[in-house]
Every structure is written in C-alpha cells, then in structure tokens.
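The values are calculated or read from the model by the stated rules, or taken from the named source; none is laboratory data. Predicted, not measured: the structure shown is a model, and the values here were computed from it. Here the Cβ is made from the backbone with ideal geometry for all residues, glycine too, and neighbour counts use every protein chain on show. What goes into the accessible areas is simple: the full protein's heavy atoms, side chains included, and nothing from ligands, DNA or RNA. Shrake-Rupley method; radii C 1.70, N 1.55, O 1.52, S 1.80 Å.
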Amino acid sequence: MTDRLSELTAAGVAIWLDDLSRVRLSSGGLDQLRREKHVAGVTTNPTIFAKALSAADEYDWQLRDLATRGVEVEEAVRMLTTYDVRWACDVMHPSYERSAGIDGRVSIEVDPRLAHETDKTVAEAKALWWLVDRPNLFIKIPATEAGLPAITATLAEGISVNVTLIFGLDRYSQVMEAFLAGLEQAKANGHDLSKIGSVASFFVSRVDSEVDKRLEKIGSAEAKALRGKAAVANAKLAYERYGEVFSSDRWQALADAGAHPQRPLWASTSTKNPDYRDVIYVEELVAPGTVNTMPEPVVHAYADHGETRGDTITGSYDEAREVFAGLESVGVDMADVIETLEREGVEKFEASWLELLDGVRKSLTAAGRGAGHPGEVAA
C-alpha cells in the first residue's frame, strides 16, 4: 500500500497539523498522527483555540481552578492555551529530537490585538516563551509593519519565531531580512544559533479566494481562465526569493555559525473552492526545505489520493510570472489584494481572540460549582 505522506516527506516537505485541542491531546490523537501520518509539527491560532474551548469539557477542571483563584480572563486564556501547547510540545518532542531541532515544533500566537504594537508584541512573546518553557516552541508574530521589528527583537533574545500572515512577495522579503537581522543580533548576544528556529508562514488559499472574487467580477473569458492560479503562482515566486536569500554570503556566515534557514511554511492550505482539487495546495507546492501545515482532513485526503510528483516549484518561476502578468492585464491589482488580505487576516484573528475571551469569561462565571478531577497535567 502506497504511503503517500511518506513520499511527500521524502520530497522535502515537513507535514504539520494546523489544529490543536485538549481532546486531541488527551485521546492520544496527536501522537497517533505523529507516529502514523508523518505529522512533524503543530500550528495554532486564535480561531483554533476559540473552537477548541467552546466544544469540549476537558477544560472544565482548569476553568474551575482559575475561577476559584479569581484569575482575570486574559490570564486565564494564557493559562489554558499555554497548557495545551506545552503538552503538545511534549508529544512532538520525539520529532524535535529526531530532526535535530528542525521539526517537532508547536506554535502559539501573540495576542493579535498587538499586531500593530512592536514593544508589546515582543513583551508578549517573551512571556509566552517563559510560560510554555519548551525548546520546541514557536512564537507566532504577524508580518505587519510593526511586527517586522518585533520579529528581529524576539529572535535576538534567542526565541524561536513563526512569522504568520504573510501574503505578498515584498513583505516576505522584509520578513527574511528581519530574520537575518535577528539572528545576527542573537549571535552578538551570545545565543546558540543552532537552537533558534523559524518558519515564514505564507498564506495560500486565501489569495485565490480574494483574486477569484475579483476575476468573477471582471467577468471576461480571459479573467475567468485565471481562476485558481494566483495562490500557487504567488507561493512559487516566494520560494524563488527564499532560494536567493538563503544562498547569499550573508546567510552563509550565519549558517557557518550553526543557524538553520527560515523555512517557507505554506499555510491556509485547505481548498476553499469545492471546484478545485482538495489537495491542490499540497501537490503544487512541493519543494525541498518547505513546511505544509494542513487541517486534519487535508492530511487524510493526501494520504488517500495525493500525488507527489517531485519538486513542483523549482523551474516554474517563469510560468508563475506569466500568471501575474495575466492578472495585471485583466485589471487585478495584486498590491491591493495583498493589502486587503493582510488587513482582513489581522481582523479575523482579532475577532477570534475576542470570541475566545468572551467564551472563557462566560465559562469562568459559570465555573467553580463542584470539584473536578484535574486529569493529566502537563508538567
């Protein structure tokens, strides 16, 4: 029987799970995916946590304890989410060890309301790093203008970073610059660069959703022929830039000091349009040194019918540029697309964070009625 996920891994793609919940942890489901489906990392975001906390009673005992202590809602959210992430770090630690610190990583996001505040983002990143206290943690920082210096400052502290909400090529170049500057400062600060990890989360399917909407509005045959092509072309050109930066002399000096490259991570890889193949954003983005973070249904879909055709990115850059030229010719303003997606991305995570806060506030109010069994505690 063909192990399609093994083939994908062998092609250089690290398979990460874009989901986390205490049910997944307590049931052993995450560990099973690690052992049986080649899942080598985990990403989270405020939307994932809001959904997890609203749908399970595994959090009840901790909520009762927090209510008994009179903990404020924002601290309670940190306690609940860092508990899950700490546990997940322990589950993924074998992958971390086996890959010499490259994989086995679990991400937790700073409060998205801080996306436009550099100093507060850095302070929050340091607090989360201390709270989780695991070497295989990633702190997620959005690639906003204020996020860029926060990325550099956080890496300079020796803290590993997952840069999130990257949509455009120019912003991606700025992210890689922030990464290099952060590692250079970390080295100057005496940190062991081999212990610092980073990925750059480049969002995929949302690009097609926004561009396709504009192409439909334009309505011409030429416009409609470009549907479903923008996201993959955008990601391929990002990988071209990755190759340029991480073959430079500046990078080589850091690599000689033990640094690992900041891998491109393809995020938002579930297909939003049912007319598209359900694993298109996996199959079309295979290249060495990449990460693809997938919701569990996409993991299983690829295991069932995904096709690994070797490197599907390198060598296709001219084709990707032709797609961009076509989009420009029919009137799609990609700069405006990217600006819209970044703004909406932050807004969506802010809304999910507020939903999370509201849910925990209500749970704290209702908690404390009767003693609960504490269950398994992540030390």
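See the values below:
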| item | result |
| --- | --- |
| Linear extension gain, ARG69 paired with GLU328, 0.36 nm per residue minus alpha-carbon span | 87.5 nm |
| Segment 241-286-segment 105-162 distance, computed between alpha-carbon centres (Å) | 20 Å |
| Distance in nm between pseudo-label sites at LYS195 and LYS272 (7 Å out along the Cβ direction from Cα) | 4.0 nm |
| Segment 12-148 shape via C-alpha gyration tensor axes, a/c threshold 1.5 | oblate |
| 0 to 90° range, to nearest 10: angle between helix 169-188 axis and the chain longest Cα axis | 50 degrees |
| Relative contact order, percent, the chain [alpha-carbon distance under 8 Å, six or more residues apart] | 23 percent |
| Kirkwood Rh, Cα atoms: Rg over Rh of segment 243-318 | 1.07 |
| Sites matching GluC sites (Glu not before Pro) across segment 31-97 that sit in DSSP coil, with at most 16 neighbouring C-beta atoms within 10 Å | GLU72 |
| Alpha-carbon Rg with Dmax, taken over segment 203-336, Å | 16.3, 54 |
| Semi-axis lengths, Å, segment 15-57, gyration tensor of Cα atoms, sqrt of 5 times eigenvalues | 19, 13, 5 |
| Electrostatic dipole magnitude of segment 274-329 [Cβ: Lys, Arg +1; Asp, Glu -1; Cα centre; debye, to 20] | 120 debye |
| Too-long pairs where the Cα-Cα distance tops 31 Å, listed order kept, from LYS51/LYS120; LYS140/LYS187; LYS37/LYS236; LYS37/LYS195; LYS217/LYS362; LYS120/LYS187 | LYS217/LYS362 |
| Base-10 log of normalised Debye intensity for segment 275-325 (one unit scatterer per alpha-carbon) at q = 0.17 Å⁻¹ | -0.59 |
| Protein accessible area in the chain, 1.4 Å probe - carbon and sulfur % | 49 percent |
| Theoretical gain in end-to-end length, SER220 to ASP170 [0.36 nm per residue, Cα-Cα removed] | 15.1 nm |
| Size of the chain as Cα extents on the principal axes (Å, biggest first) | 64, 48, 48 |
| Whether segment 94-239 is rounded, prolate or oblate, judged on the alpha carbon gyration tensor where a/c under 1.5 counts as rounded | prolate |
| Under DSSP loop assignment and at most 12 Cβ neighbours within 10 Å, longest trypsin sites (Lys or Arg not before Pro)-free interval of the chain | 1-308 |
| Spin-label proximity, LYS213 to segment 264-285 - amide N less than 15 Å from point 7 Å beyond Cα toward beta carbon | 272-273 |
| Accessible area in square angstrom per residue, the chain, 1.4 angstrom probe | 41 Å² |
| Cα-projected label distance for HIS93 with ALA55, points at 7 Å along beta-carbon direction, nm | 2.9 nm |
| Dimensions in Å of segment 1-91 - Rg and Dmax from alpha carbons | 15.7, 55 |
| Most positive-pole-ward Cα, TRP87, ALA351, ALA287, against dipole of the chain from beta carbon charges | TRP87 |
| Kirkwood-based shape ratio for segment 157-268, expressed as Rg/Rh from alpha carbons | 1.12 |
| Contact order normalised by residue count of segment 36-194, Cα under 8 Å, 6+ apart, percent | 18 percent |
| Nitroxide proxy distance, nm - points 7 Å out along Cα→Cβ at SER247 and THR314 | 0.9 nm |
| Cα coordinate range in segment 209-260, projected on the principal axes (Å, largest first) | 53, 16, 11 |
| Evaluated over segment 133-205, the Cα radius of gyration and Dmax, each in Å | 11.7, 40 |
| Efficiency of FRET between GLN185 and ALA127 - r from beta-carbon atoms, R0 22 angstrom, step 0.05 | 0.65 |
| Dipole magnitude (debye, nearest 20) for segment 241-379, charges at Cβ of Lys, Arg, Asp, Glu | 740 debye |
| Estimated [θ] at 222 nm from DSSP helical runs (n ≥ 4, -39500 (n - 2.57)) normalised by residues in the chain, nearest 500 | -17500 deg cm²/dmol |
